[in-house]
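The values are calculated or read from the model by the stated rules, or taken from the named source; none is laboratory data. Bear in mind that the values here come from a model prediction, so they are computed numbers and not experimental data. Quick reminder, even Gly has a Cβ in these numbers, built from the backbone with ideal geometry, and neighbours come from all protein chains shown.
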Amino acid sequence: MSKKTGMIALIIAIASLCCSVLSLGMMLRGSGNPQKTETGTVKQYVMYVGTNDKDTYQPEHTNEEARDIVDEICLKYFEGYTLQEAIGSWVDEKNNATHEYTLVCYFDDADRDTVYKAADEVIEALNQNTVLIETNETEIDYYGGRNG
């Protein structure tokens, strides 16, 4: 084999190895359909739901009632999610500070339209002007322990 042919074969072999490593890396990081892998980068939607009524600026439901309403709606649209309790604060158009019980819902690898459908129901059920929806790229890993 000539030196030139040997060099071309070496370059092709290195390029092929690089492509294999890149393909493996993309597969492990969740490129394609993340639902088919246990680890990968997905979109995470976070919905922040204040619970004070938009007309009265007062809570019209107990914290438990509001949580049950949001939980029921989320279960209708998502196979899994995380629901956290928080206190949200904001200043209204009259410069009054308001603090309210807030629910924070995390949806991993969800469909944007489904998130908005759930938000529509939450807005109506709790008489809100808006809910805040945040979209993040995040890496998930369903870890089952060293033996899982």
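Below are the figures for this structure:
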| read-out | value |
| --- | --- |
| Those residues of region 48-107 which are touching an Asp or Glu at 6+ places or on another chain (Cβ under 6 Å) and either exposed (fewer than 13 other Cβ atoms within 10 Å of the Cβ) or under 16 Å from Asp120 (Cβ atoms) (or both), in sequence order | Gly50, Ile73 |
| Among (1) touching a helix residue (DSSP H, G or I) at 6+ places or on another chain (Cβ under 8 Å); (2) touching a residue at least 60 places away in the same chain (Cβ under 8 Å) - the single one Ala119 does not satisfy | (1) |
| So Val91, is it under 30 Å from Glu139 (Cα atoms) and not acidic (Asp, Glu) | no |
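For (1) among the hydrophobic types (A, V, I, L, M, F, W, C); (2) in a strand (DSSP E or B); (3) in the same structural domain as Gln84 (by TED's automatic domain parsing), each residue gets a yes or a no:
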residue	(1), (2), (3)
His99	no, yes, yes
Val104	yes, yes, yes
Phe107	yes, yes, yes
Ala110	yes, no, yes
Tyr116	no, no, yes
Glu121	no, no, yes
Glu124	no, no, yes
Asn127	no, no, yes
Ile133	yes, yes, yes
